[in-house]
Structure formats: structure tokens, C-alpha cells
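A.B. asks: Handing you this structure, nothing more for now.
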Amino acid sequence: MNVEETELPGFGVRKDFMTQSGRRIGVVTHRDGETELIISKWEDPDSCQASIPLTGDEAAALGNLLGSQRVVMQLTEEHKEVPGIVTRQFTVLADSPYRDQPMGRASIRTRTGVSIVAIMREGEVVPSPGPDVVLRRGDLVVAVGTEEGLEQTAAILRRG
């Protein structure tokens, strides 16, 4: 994938790429720190059809959503030959009893046999997080285990 970076004098920086369907998708980071998601027109990939302003939290959430899909797809591919093993992701919600708590407090592995293999946070991957990693609202927790264990994990992250 070829990501192009273009200086926008007095404005900021645009980073974008051409999709297989022939549209450009990218992000403009303004000098003042604002961020926009941009999408080109079908008929003219150099003209903008949509520009969506994003707050810092929204940009981080979008990065998590897109990045976690890739991590989950890789893990799913790696575990497809192992019967009964599934990869799933969970979002740490604002009302989770483990929000702003070290992950070890949830005792997920001990209680369910599920392994937390990564956390997606603000577009970054925290691989193999230890029990001292603090869970934050909006984190995407990537877990591997049995269907039953993953269902229990979801319940733990929601209700404790």
C-alpha cells in the first residue's frame, strides 16, 4: 500500500492512499492539531467528496476499529487450524467496572482460560499486555480462547 504524504502550506499535512476501487481515502492533520477524514469523488480522485472533522477521541476510535480488524484477521488466520480456538475483540465501555483499573484485576485468564493477546489504544497496538496495563475507555481488547470463555470474558468486562 502506497501512502502519499502531501504538505499543504499554511494548512497542514495530507496523508492518503488510492483504494482498489479507485478512490482516495486519507487524513488531513491541520497545523492547529485538528484532524479530518477525507474521501475523494468517484469521478475525480483528486477532488474531495466528503470531509469529516474528527475529535482526538474520534480519530483514536477510528484507528482502533481499523487497526484491530487487521490484528484479529491475523490471529484468526493463525488459529484456524486449531479446533475450538476463536479470536474476538471487546471494547472497554465507560461503565465497565475495570475501566481505569489494571487488567490483572479482572483475572480473565484465571476465570475463563482466555488470553488477552493485544490491546488497541488510540491507533496503537499494545502487544501481550501484562496484568499491570490499565484498561481505558475505548480500548479494544483482543482475546483468544474458546467460545464459552470469550462469552464469559465479555460478561466480566461488562459487569465484573
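The values are calculated or read from the model by the stated rules, or taken from the named source; none is laboratory data. Source: prediction; values computed, not measured. Neighbour counts run over all protein chains shown; Cβ positions are idealised from the backbone, glycine included. Surface accessibility is based on the protein's heavy atoms, side chains included, excluding ligands, DNA and RNA. Shrake-Rupley method; radii C 1.70, N 1.55, O 1.52, S 1.80 Å.
A.B. asks: Could you count how many residues in region 1-24 are within 20 Å of Leu66 (Cβ to Cβ) and either in contact (Cβ under 8 Å) with a residue 40 or more places away in the chain or open to solvent by 60 Å² or more (accessible area, probe 1.4 Å) (or both)?
C.D. replies: The qualifying residues number 11.
A.B. asks: If you don't mind, another one. Considering only region 66-80, I want to know if a residue exists there that is at pLDDT 75 or above, open to solvent by less than 60 Å² (accessible area, probe 1.4 Å) and either part of a helix (DSSP H, G or I) or at negative phi (or both). Lay out the reasoning, then the answer.
C.D. replies: Of all residues in region 66-80, those at pLDDT 75 or above come to none.
No, the conditions are met nowhere in region 66-80.
A.B. asks: Right, next: For region 128-149, name all the residues that are crowded, with 19+ Cβ neighbours inside 10 Å and not in a loop (DSSP other than H, G, I, E, B).
C.D. replies: Leu140, Val141, Val142, Ala143, Val144, Gly145, Gly149
A.B. asks: Of the conditions (1) at pLDDT 85 or above; (2) surrounded by 14 or more Cβ atoms within 10 Å (Cβ to Cβ); (3) within 30 Å of Val134 (Cα to Cα); (4) over 19 Å from the mean Cα position of the chain (by Cα), Ser107 fails just one. Which one is it?
C.D. replies: With (1) at pLDDT 85 or above; (2) surrounded by 14 or more Cβ atoms within 10 Å (Cβ to Cβ); (3) within 30 Å of Val134 (Cα to Cα); (4) over 19 Å from the mean Cα position of the chain (by Cα) applied to Ser107, the lone miss is (2).
A.B. asks: Please enumerate the residues belonging to region 110-160 that are hydroxyl-bearing (Ser, Thr, Tyr) and more than 20 Å from the chain's Cα centre (by Cα). Break it down stepwise before answering.
C.D. replies: Of region 110-160, the ones hydroxyl-bearing (Ser, Thr, Tyr) are 110, 112, 115, 128, 146, 153.
Answer for region 110-160, where residues must be hydroxyl-bearing (Ser, Thr, Tyr) and more than 20 Å from the chain's Cα centre (by Cα): Thr110, Thr112, Thr146.
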